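The values are calculated or read from the model by the stated rules, or taken from the named source; none is laboratory data. As the structure is a prediction and not an experimental result, all values here were calculated from the model. Here Cβ is always computed from backbone atoms with ideal geometry, including for glycine, and neighbour counts include all displayed protein chains. For the accessible areas, the whole protein counts, side chains as well, though only heavy atoms, and no ligand, DNA or RNA atoms are used. Shrake-Rupley method; radii C 1.70, N 1.55, O 1.52, S 1.80 Å.
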Amino acid sequence: MNDLLQPSLTKTSAPPLYSTRANFFVAFFGGPLAITLFSALNARRLRRLGQDLPFYLLGLALYLGLFAWLALNYPTGPDLLEGALEARRNPFIRYGGRFLGLVLWGGYYLRHRPFHKASDLLGLDSPNPWGPALACFGLALAVEIPLITLLLQLRGLP
């Protein structure tokens, strides 16, 4: 009976998570791959990476699908610069990756929302996101540059 009268929140310690603002900025500036990696860091902090792995794989599949679609529909002309200028006029090609990154951010946030609320309720300070966010940006860029190069070579462009 005494266990019922004890406060329950003091016995558990929730790990501090990277803030939703940091997740948003990673999604906005880094795109789908960076937010997937950054959200996986929060899942690792929560020790639920295995539970969230199917959603991260779905996010990666959506990213690769968008990337392949953009690569196949990217306008090419006799000059690569001419194709790039034409592509910048198309808002879907220009903002498609950023839009998907924000959609994935929303989905990953909904998966971790109870944990963010619990962290806020307990008054936990979020850890500094600069290092992990920059690492996610760098890793995403390190993956995207070879992908772009491969797809340009498959399309016969220099």
- Query: Are there any pairs, at least 6 apart or on different chains, whose C-beta atoms fall under 6 Å, with the first in segment 60-72 and over 10 Å from Pro32 (Cβ atoms) and the second part of a helix (DSSP H, G or I), and if so, which?
  - Reply: Leu70/Ile93; Ala71/Leu151
- Going through segment 119-146 in order, the residues found to be open to solvent by 70 Å² or more (accessible area, probe 1.4 Å) and aliphatic (A, V, I, L, M) are Leu121, Leu134, Leu139, Leu141, Ile145
- Item | Cβ-Cβ under 8 Å pairs, at least 6 apart or on other chains, segment 97-112 side surrounded by 15 or more Cβ atoms within 10 Å (Cβ to Cβ), far side not in a helix (DSSP H, G or I) | His112/Leu17; His112/Leu46
